[in-house]
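The values are calculated or read from the model by the stated rules, or taken from the named source; none is laboratory data. Please read all numbers here as calculations on a predicted model, not as lab measurements. So basically every Cβ, Gly included, is an ideal-geometry build from the backbone, and we count neighbours across all protein chains shown. Accessible surface areas use protein heavy atoms only, side chains included; no ligands, DNA or RNA. Shrake-Rupley method; radii C 1.70, N 1.55, O 1.52, S 1.80 Å.
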Amino acid sequence: MLLLYALTIFIGATLLFLVQPMFARMALPLLGGSPGVWTTAVLFYQAALLAGYAYAHLAARRLAVRPGVLLHAALLLAVLAALPIAIPPGAHPPADRTPVWWFLGLLARTVGPSFFAVSATTPLLQAWFARTTHRLAADPYPLYAASNAGSVLALLVYPLLIEPALGLQAQSRLWAGGYLALLLLVLACGAVVWRAAPGAESNVLRAEPVTPGLQPSALNSQSSTLSAWRRARWLLLAFVPSSLMLSVTAYMVTNIAPIPLLWTLPLALYLLTFILTFGGEVFPHTGMVRALPVVLLPLAALIAAQVTSPLELLLPLHLLVFFVAAMVCHGALARDRPPPHQLTEFYLWLAAGGALGGLLNAIVAPLLFDTVLEYPIVLALACMVNTEGRTLNTEREAAEMPPTTGDAVLGSSQQRPKAGTASAGRGFSLQRSAFSLSDLVLPAGLGLLTAALVLGVGRAGLGAAPAGLALAFGVPAGLCFLFARRPLRLGLGVAAIFLASGLYVSDQGRLLHAERSFFGVHRVLLAPSGDFHVLAHGPTLHGMQSLDPQRRLTPLSYYAPGGPAGQLFAHLGPSRRRVAVVGLGVGSLACYRRPGQAWTFYEIDPAVERIARDARFFTFLRDCGADMPVVLGDARLMLAGAPDGAYDLIVLDAYTSDAVPVHLITREALALYLRKLAPGGVLAFHISNQFFDLRPLLAGLAQDAGLAALAQDDVVVSAEEAARGRRASQWALLARAPKDLGALADDPRWYALEAPPGAPVWTDDRSSALPLLKVR
């Protein structure tokens with residue numbers, strides 16, 4: 001019986017976390033490959049999970065076994081009509097506003113029914129199991145570990161095995177087959193519990209106490225009611241790791257390494273912490289509690305100092321801090337889990353906390369903050385809930401504890417259970433604790449000290465030096481460690497350091513403007529030299545303009561006259577009358593336009609157009625292309641509406657930071673570009689990327705389509721050229737015949753791009769970026 005239930009829950013969880021990356025992969029071509037796709041999708045999945053858990057709670061509490069089995073079987077059967085999962089034909093996001101609500105509606109119509117039905121299965125099966133006569137029925141929570149084991153397996157298997165081997169249609173069919181297997185297993189589980197509890201006893205969940213000493217004391221409670229405080233504690237402990245998971249994902253993808261493959265790592269760790277806490281205390285909870293300040297404070301100092309490299313050190317540190325924080329919160333939840341008759345309500349509050357975390361990150365934070373400010377906020381909150389105390393045995397004992405004047409909701413507790421009560425031992429508790437004025441005064445003093453140090457090292461010219469950063473942020477972080485035994489004080493101290501860090505000017509330059517959209521965070525900076533305005537998306541430069549009036553209209557960075565882009569427009573530009581540019585940036589390329597030419601820009605993010613047209617920062621469009629139309633929306637969708645043969649030159653420069661825009665470099669996308677390209681036309685691809693080598697892919701596509709291809713690796717830029725605004729870049733040119741490439745075909749700086757053996761050819765149905773990942 002145990003094996004049957006564990007296997008069914010395992011397969012259900014595997015299906016839940018296979019459909020998430022699968023559907024995100026289906027939706028990416030419609031939404032430009034933005035990290036916002038993943039954040040919004042996770043919000044939907046958390047909301048659907050909450051709905052599924054609510055259904056499971058009501059079914060378990062209101063229905064006897066047999067009606068409950070029949071109801072869930074009918075639901076699973078009804079969902080078959082919505083399979084296989086696919087994007088409806090003609091689905092297009094809005095071009096003039098945020099696509100968040102459109103995407104949520106798309107998710108609800110397509111993946112929503114099946115996700116709801118499968119998500120309800122885990123808590124419902126645990127409730128059924130608790131009604132059987134199995135010896136472990138009084139504590140079915142270890143089955144939750146089986147659920148999360150299936151989730152982790154799915155997240156690992158999808159990018160490594162399924163995505164490289166199967167197209168999206170095949171993936172969808174495979175998922176539908178797995179759903180059928182789950183349906184049969186659920187019916188088998190229902191048959192078991194149907195026979196195991198045929199009488200009136202099946203109307204309620206078992207509430208027998210378990211063997212003392214084997215489970216947390218909260219599980220021994222016979223209380224039939226739960227206090228509002230305990231429910232709020234569950235909600236908060238579920239909220240923090242959920243929001244932190246999305247926050248660390250957004251921060252890493254935006255500021256460190258914009259690789260979509262990283263989206264799944266925090267989620268996998270998030271699920272792993274459930275396995276390690278609910279499946280048994282693999283790591284001592286007290287050790288996790290004490291480890292959190294040790295790992296979090298160095299990270300707080302690095303975030304405050306805006307340190308984004310080296311990648312091989314920062315990524316593990318961010319993930320380690322998240323892992324420890326999630327272990328603390330989920331370990332506290334595991335220790336405070338109620339008896340089986342309150343199991344479904346417990347899961348309902350966990351799902352509600354997770355959904356609130358997704359709501360903050362996907363909806364609220366982009367409206368309130370210009371940067372990923374929710375990350376430091378939730379890190380500080382994680383410190384505040386890092387409370388070590390003793391878990392009380394019953395709700396009644398918690399209610400009988402005398403309140404203390406000035407009790408803080410978030411704080412440490414030195415109170416102990418009354419004599420004679422069972423104790424769970426050293427653990428995690430969000431009990432009320434004494435509050436002192438020093439919990440506010442000391443963090444405020446730390447913030448003032450940090451601000452003084454930041455300003456001091458800046459005036460001394462040490463702001464970007466390691467010694468200056470260590471003094472400005474390392475010293476305050478070390479002092480903050482003295483607050484480790486007072487969680488409220490610790491969290492406020494971390495928040496004070498983050499607040500004071502707003503005075504710091506990084507080596508990227510002084511922040512002039514920041515704007516956040518569904519597609520990311522865009523920052524306009526004044527370069528440290530004071531000579532340029534720069535548009536940055538995380539660590540990636542998207543364009544720059546000189547403040548020197550003599551050079552103000554000279555394209556810079558990847559588009560400098562001496563680089564591949566300059567050569568392209570010097571040799572081929574004059575003969576091309578109609579030009580399309582996919583990706584606006586700051587509008588640098590506009591100043592390559594010749595008299596009589598008609599140019600059109602395609603840009604997916606309205607925020608980018610607003611910044612490019614703001615003359616306070618950039619004037620390329622105003623001075624060189626005031627009459628150039630900017631078509632908002634995904635370039636591939638918008639180009640489809642242009643007349644065939646409309647352009648003599650199409651430049652593809654649409655990259656969200658350094659992420660790979662999969663849907664813009666597939667066989668189908670190339671066929672579209674060729675239809676829109678006039679005879680003798682040229683396709684130019686800007687393929688600079690920190691993490692992926694796109695040359696084999698372009699070579700494979702060119703060979704597949706029978707095109708001539710050239711490439712140039714302009715990777716050596718002198719210090720003098722860099723000081724004048726030039727940056728290294730890689731470009732590739734594709735044309736129907738070598739003669740269409742003109743003089744560039746004989747230019748020694750350009751080489752023939754030939755496909756190596758096994759060169760990938762991406763399609764809309766099948767693609768994997770792993771073979772293109774650069775190995776350093």
Practice task
Answer yes if at least one residue in the stretch 606-619 is open to solvent by less than 10 Å² (accessible area, probe 1.4 Å), farther than 16 Å from residue 545 by Cβ and of a type in the set (Phe, Trp, Tyr), and no otherwise.
Solution key: no
Exercise for the section: Confirm whether residue 623 is among the charged types (D, E, K, R), open to solvent by 10 Å² or more (accessible area, probe 1.4 Å), over 30 Å from the mean Cα position of the chain (by Cα) and under 17 Å from residue 753 (Cβ atoms). Expected result: no
Practice task
State whether one or more residues within the stretch 139-147 are open to solvent by 10 Å² or more (accessible area, probe 1.4 Å), modelled with pLDDT under 75 and either among the basic types (Lys, Arg) or outside any helix (DSSP H, G or I) (or both).
Solution key: yes
Exercise for the section: From (1) in contact with a Lys or Arg (Cβ under 6 Å, 6 or more places away or on another chain); (2) buried (at least 24 other Cβ atoms within 10 Å of the Cβ), pick out the condition that doesn't hold for residue 514. Expected result: (2)
Exercise for the section: Tally the residues that are of a type in the set (A, V, I, L, M, F, W, C), closer than 23 Å to residue 671 by Cα and assigned to a loop (DSSP other than H, G, I, E, B), restricting the search to the stretch 747-776. Expected result: 6
Handout entry: Exclusive hit being surrounded by fewer than 20 Cβ atoms within 10 Å (Cβ to Cβ), closer than 21 Å to residue 644 by Cα and touching a Leu at 6+ places or on another chain (Cβ under 9 Å), set 702, 708, 684
Key = 708
Handout entry: Inter-residue pairs, beta-carbon under 9 Å, first more than 18 Å from residue 97 (Cα to Cα) and assigned to a helix (DSSP H, G or I) and in the stretch 352-379, second open to solvent by less than 10 Å² (accessible area, probe 1.4 Å) and among the charged types (D, E, K, R), 6+ apart
Key = 360/374; 361/374
Handout entry: helices (runs of 4 or more DSSP H) lying entirely in the stretch 475-591 (those with 1 or more residues that are within 26 Å of residue 626 (Cβ to Cβ))
Key = 564-571
Exercise for the section: With the condition kept exactly as written, say whether any residue in the stretch 731-746 is in contact with a strand residue (DSSP E or B) (Cβ under 7 Å, 6 or more places away or on another chain), assigned to a loop (DSSP other than H, G, I, E, B), within 24 Å of residue 576 (Cβ to Cβ) and aromatic (Phe, Trp, Tyr). Expected result: no
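Name the single residue, out of those in the stretch 711-721 being of a type in the set (D, E, K, R) and surrounded by fewer than 18 Cβ atoms within 10 Å (Cβ to Cβ), that is nearest to residue 647 (Cα to Cα).
Kept after step one, since they are of a type in the set (D, E, K, R), are these residues of the stretch 711-721: 713-714, 720-721.
From what is left, the residues that are surrounded by fewer than 18 Cβ atoms within 10 Å (Cβ to Cβ) are 713, 720-721.
Working: 713: 26, 720: 37, 721: 33 Å.
Ranking the candidates gives 713 first.
Go over the candidates 602, 504, 558 one by one and state the one that is modelled with pLDDT under 90 and touching a helix residue (DSSP H, G or I) at 6+ places or on another chain (Cβ under 9 Å). Walk me through it before giving the result.
On the way: 602 fails: modelled with pLDDT under 90; 558 fails: modelled with pLDDT under 90.
Being modelled with pLDDT under 90 and touching a helix residue (DSSP H, G or I) at 6+ places or on another chain (Cβ under 9 Å) holds for just one of 602, 504, 558, which is 504.
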Fill in the blank from the handout: Only one of 451, 422, 470 is modelled with pLDDT of 85 or more and either under 30 Å from residue 617 (Cα atoms) or in a loop (DSSP other than H, G, I, E, B) (or both), namely 451
Problem - Yes/no for residue 461 being at pLDDT below 90, outside any strand (DSSP E or B) and open to solvent by less than 70 Å² (accessible area, probe 1.4 Å) - result: yes
Exercise for the section: Working carefully through the options 271, 235, 265, find the one that is modelled with pLDDT under 85, in a helix (DSSP H, G or I) and in contact with a Phe, Trp or Tyr (Cβ under 8 Å, 6 or more places away or on another chain). Expected result: 271
Handout entry: Residues that are more than 19 Å from residue 569 (Cβ to Cβ), among the hydroxyl-bearing types (Ser, Thr, Tyr) and open to solvent by less than 60 Å² (accessible area, probe 1.4 Å), drawn from the stretch 722-774
Key = 763, 767, 768
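Considering only residues that are part of a helix (DSSP H, G or I) and modelled with pLDDT under 85, look in the stretch 278-312 and name the one that is nearest to residue 509 (Cα to Cα).
Of the stretch 278-312, the ones part of a helix (DSSP H, G or I) are 278, 285-304, 311-312.
Retained after the next criterion (residues that are modelled with pLDDT under 85): 278, 311-312.
On the way: 278: 47, 311: 21, 312: 24 Å.
Checking each candidate, the answer is 311.
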Handout entry: the stretch 637-656, subset among the charged types (D, E, K, R) and part of a loop (DSSP other than H, G, I, E, B), residue least open to solvent (accessible area, probe 1.4 Å)
Key = 653
Exercise for the section: Within the stretch 689-698, identify whether any single residue is crowded, with 16+ Cβ neighbours inside 10 Å, closer than 30 Å to residue 532 by Cα and acidic (Asp, Glu), and answer yes or no. Expected result: no
Handout entry: Subset of the stretch 43-75 [touching a residue at least 12 places away in the same chain (Cβ under 8 Å) and over 22 Å from residue 343 (Cα atoms)]
Key = 43, 44
